[in-house]
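The values are calculated or read from the model by the stated rules, or taken from the named source; none is laboratory data. In this text the structure is predicted, and so the values were computed from the model without any measurement. All Cβ positions, glycine included, derive from the backbone under ideal geometry; neighbour counts span all protein chains shown.
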Amino acid sequence: MDGFIFMAFKSFPQTIFILFTGIPVAIAGGVWFQYLFGYNFSVAVWVDFISIFGIVDDDSVLITTYINDLLSKRRPGRP
């Protein structure tokens with residue numbers, strides 16, 4: 001997954017931003033809500049975690065793309 005993100009943005013810092021900002025927050029929030037509501041960890045919960053990781057990655061890619069578009073419009077001549 002990270003190779004595809006790197007090929008899309010051609011930037012190692014942006015790849016690291018996408019992979020390491022959203023997923024730890026999703027893990028922390030998911031575990032916190034598990035504890036808060038008293039749910040047990042089961043296969044269904046882990047499947048939900050995997051789906052949340054996909055959603056978080058997609059949202060991070062969209063936010064990074066939007067920020068890149070804003071920066072390129074602000075500074076003409078930058079690819």
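Yes/no per residue for (1) over 20 Å from Phe4 (Cα atoms); (2) among the charged types (D, E, K, R):
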residue	(1), (2)
Ile23	no, no
Ala26	yes, no
Gly30	yes, no
Gly38	yes, no
Phe41	yes, no
Phe49	yes, no
Lys73	yes, yes
Quiz item: When you scan segment 18-32, how many residues do you find that are within 12 Å of Phe49 (Cα to Cα) and without any contact (Cβ under 8 Å) to a residue 24 or more places away in the chain?
Solution: 6
Exercise. Check segment 13-32 and report whether any residue there is in contact with a Gly (Cβ under 7 Å, 6 or more places away or on another chain), in a helix (DSSP H, G or I) and either modelled with pLDDT of 90 or more or surrounded by 12 or more Cβ atoms within 10 Å (Cβ to Cβ) (or both).
Key: no
Quiz prompt | Which listed residue is in a helix (DSSP H, G or I), hydroxyl-bearing (Ser, Thr, Tyr) and exposed (fewer than 10 other Cβ atoms within 10 Å of the Cβ), from Tyr35, Tyr66 | solution = Tyr35
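If you go through segment 33-64 one residue at a time, how many are among the polar types (S, T, N, Q) and in contact (Cβ under 8 Å) with a residue 12 or more places away in the chain?
The first filter runs over segment 33-64 and keeps only residues among the polar types (S, T, N, Q), leaving 34, 40, 42, 51, 60, 64.
Now restrict to residues that are in contact (Cβ under 8 Å) with a residue 12 or more places away in the chain: 60, 64.
Number of matching residues: 2.
So which of Val56, Val43 is in contact with a helix residue (DSSP H, G or I) (Cβ under 7 Å, 6 or more places away or on another chain) and at pLDDT 85 or above? Please lay out each step first, then the result.
Values: Val43 fails: in contact with a helix residue (DSSP H, G or I) (Cβ under 7 Å, 6 or more places away or on another chain).
Within the list Val56, Val43, the selection yields Val56.
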